[in-house]
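Scroll down for the structure; my scribbles are underneath it.
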Amino acid sequence: MISEARKRLIFALDVDNFEDAEQWVKRLSEKVGVFKVGKQLFTRCGPEVVHMVRGEGGEVFLDLKYHDIPNTVAKAGAEACRLGVRMFNVHALGGREMMEKTVAEVDALFPRGSKDRPLLLAVTILTSSTEQTLCEAGIERPVVEMVPRLARLAREAGMDGVVASPREVELIRQACGGDFVIVTPGVRPAFAALDDQKRVTTPAEAIAAGADYLVVGRPISAAADPVEAADRILEEMASALEKA
Ligand code: C5P
């Protein structure tokens, strides 16, 4: 079960330079299956950082949250595939056509079921958004209604899953079923500080609620012994997986 947990643990490479990213990957690659490369690191280092992670035996979650006209996002998605990432994401608010075109573009490169096909994920509503944020944009619906609605739209468009707060996992499971992939950040083991995360769950709770992958950053990076922190998280995930 530890090896199953390792595949499902995503470490957020929230650093601003290549050397630090490389050190983290070397340090953690036996514990962590997937490394999340976000906008800051990718803007600074570009595709090199993806190649570095893969060269060290890790997989990459390219967290660039594409949102643009359908053709542009579809072509960006194709480039993400060519980079060899394990998963990448788009904003579901970009709409059905944007997601469908992206799926079609990926299908053309890596047909469904092929080994190297990445997971296509959608962001529903950012957890930093409140009802007021939505209202200001003219969306007068509660977040708890928008999240499953956008998750369903993503599923209908052929996406593989969503990125969501652990608190939303159950709603999404109800709306989209058991085989829809759910990736959750905002995870805090009991031993770690909350940092700026407010609505958090423990790794065991997130797995028990039905999350497939957990994104963890500071509980590992800020620990006195990051490798030991990763071990503790893996053990917690593994025992929750056994019960699931
Ligand atoms: O350090 P921490 O574990 O909070 O890092 C979580 C990672 O997940 C960060 O890269 C953060 O940007 C990302 N994230 C998040 N909450 C969301 C979406 C993404 O913390 N709702």
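Once both labels are positioned 7 Å from their Cα atoms along Cα-to-Cβ, the gap between residue 117 and residue 170 label points is 3.2 nm. Listed by Cβ neighbour count within 10 Å, with the fewest neighbours leading, 213, 66 appear as 66, 213.
On the beta carbon distance between residue 225 and residue 4, with R0 = 22 Å, the FRET formula returns roughly 0.40. Kindly identify the stretch 25-159 as rounded, prolate or oblate by the Cα gyration tensor criterion: order the square roots of the eigenvalues as a ≥ b ≥ c, call it rounded if a/c is under 1.5, otherwise compare a/b with b/c, prolate if a/b is larger, else oblate. Cα axes put the stretch 25-159 in the prolate bin. One chain, two ends: residue 44 and residue 149. Fully extended at 0.36 nm per residue, the span grows by 34.3 nm beyond their Cα-Cα distance. Listing 126, 83 from fewest to most neighbouring C-beta atoms within 10 Å gives 126, 83.
Taking 18 Å as the straight-line reach from the Cα of residue 36, the lysines in range (excluding those fewer than 8 positions away in the same chain) are 7, 26, 65. Residue 139 versus residue 109, label points 7 Å from Cα toward the beta carbon: distance in nm? Roughly 2.7 nm, to one decimal.
By the count of neighbouring beta-carbon atoms within 10 Å, fewest first, 1, 87, 146 end up ordered 1, 146, 87.
Suppose R0 equals 45 Å. What FRET efficiency, 1/(1 + (r/R0)^6) with r the Cβ-Cβ distance, do residue 235 and residue 68 give to the nearest 0.05? Rounded to the nearest 0.05, the efficiency is 0.65.
None of the figures in this text is laboratory data; all of them are computed from the coordinates on show. Values in this document were obtained by computation on a predicted structure and should not be read as measured data. Cβ sites come from the backbone with ideal geometry, for glycine too, and all protein chains shown count toward neighbours.
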